[in-house]
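What follows is a set of notes on a single structure, which appears directly below.
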Amino acid sequence: MEGTVALITDEGGQAEAHVCDHLDAARISQVIGQIDTDHGRLDILVNDIGGEAYVEWGTPFWETELDAEMRLFRSGLLTHLHTAHAALPLLTRKPGGLHIEITDGTAEFNASHYRESIFLDLTKTAVSRLAFGLGHELDKAEATAVAITPGWLRSEMMLDHFGTTEDDWMRDSLDETRTEPPRDFAISETPHLLGRSVVTLAADPDRHCFNSTTQDTHGLAVHYGFNDLDGSRPDSWSFITALENDPAADPREFR
């Protein structure tokens with residue numbers, strides 16, 4: 001938490017950290033109340049709470065431990081509902097508010113692809129649907145709701161998982177003598193691309209044209225003209241789809 005604050009302040013911004021269990025409606029209301037007291041407004045809400053760590057990969061739904069798998073559904077969807085319900089009264093107090101849901105997968109990809117887990121599939125498609133529904137209701141309050149999906153996120157957790165670094169991930173991904181990271185990790189993107197998507201969308205006075213839709217970082221990068229830290233625009237979802245027809249597709253051609 002302190003590290004996130006430091007990242008923001010080091011870039012010249014202002015930040016405050018609040019400890020909050022987003023499954024605890026009362027605690028969320030306390031945090032929103034504090035924001036109201038301190039600032040009197042809420043312009044942007046970014047709902048980005050996942051739960052992928054709870055997926056029991058490769059196990060049929062009926063053989064999973066239901067209570068354990070439900071943690072993904074609770075952390076990945078119910079937290080979003082609790083937070084939106086508490087925060088939207090403040091966000092809609094003035095026109096122009098922006099509600100962003102962070103999901104996994106474009107609407108087109110998720111419509112035709114199963115995400116390997118009943119719980120993950122339901123959760124991520126429901127997050128996109130939440131933005132769709134909220135867009136219709138927020139429209140009456142002159143506010144906007146959009147879902148955004150990153151591509152293959154090259155987070156610190158993923159770098160550690162594959163035993164590579166931010167300096168070596170591309171070379172290691174394309175090294176045929178290695179089994180990890182996998183070759184398609186070469187399409188990955190930094191979290192900064194998602195951050196730039198949010199910032200650029202928030203700064204656009206015409207952002208309401210995206211209301212109720214699910215956008216991906218590549219599409220927003222093309223639309224607004226920004227890049228990832230290395231100057232590229234990774235198109236993860238097009239690459240993943242291309243792999244289905246050509247297992248030898250080169251990820252570098254989709255950056």
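The values are calculated or read from the model by the stated rules, or taken from the named source; none is laboratory data. Just so you know, these numbers come straight off a predicted model, no measurement behind them. We place every Cβ from the backbone using ideal geometry, glycine too, and count neighbours over all the protein chains shown. What goes into the accessible areas is simple: the full protein's heavy atoms, side chains included, and nothing from ligands, DNA or RNA. Shrake-Rupley method; radii C 1.70, N 1.55, O 1.52, S 1.80 Å.
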Open item on the list: Which residue is farthest from the chain's Cα centre (by Cα), if the candidates are limited to the stretch 204-255 and must be among the polar types (S, T, N, Q) and over 18 Å from residue 148 (Cβ atoms)?
Closed with: 245
Open item on the list: For the stretch 153-165: of the residues being modelled with pLDDT of 95 or more and part of a loop (DSSP other than H, G, I, E, B), which is farthest from residue 198 (Cα to Cα)?
Closed with: 163
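Here's the yes/no breakdown for (1) open to solvent by less than 20 Å² (accessible area, probe 1.4 Å); (2) in contact (Cβ under 8 Å) with a residue 24 or more places away in the chain:
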| residue | (1), (2) |
| --- | --- |
| 91 | yes, yes |
| 101 | yes, yes |
| 113 | no, no |
| 118 | no, yes |
| 128 | yes, yes |
| 131 | yes, yes |
| 136 | no, yes |
| 143 | yes, yes |
- [ ] Report, by residue number, each residue of the stretch 13-50 that is touching a residue at least 60 places away in the same chain (Cβ under 8 Å) and among the β-branched types (Val, Ile, Thr).
- [x] 44, 46
Open item on the list: Can you list residue pairs whose Cβ atoms sit under 7 Å apart, with the first residue in the stretch 147-175 being more than 30 Å from residue 44 (Cα to Cα) and the second being among the charged types (D, E, K, R) and part of a helix (DSSP H, G or I)? Count only pairs 6 or more apart in sequence or on different chains.
Closed with: 164/172; 173/183; 174/183
Open item on the list: Tell me yes or no: at least one residue of the stretch 133-141 is more than 21 Å from residue 41 (Cα to Cα) and at pLDDT 95 or above.
Closed with: yes
Task: Filter result (in a loop (DSSP other than H, G, I, E, B) and either more than 20 Å from the chain's Cα centre (by Cα) or among the basic types (Lys, Arg) (or both)) within the stretch 20-41 - done: 24, 40, 41
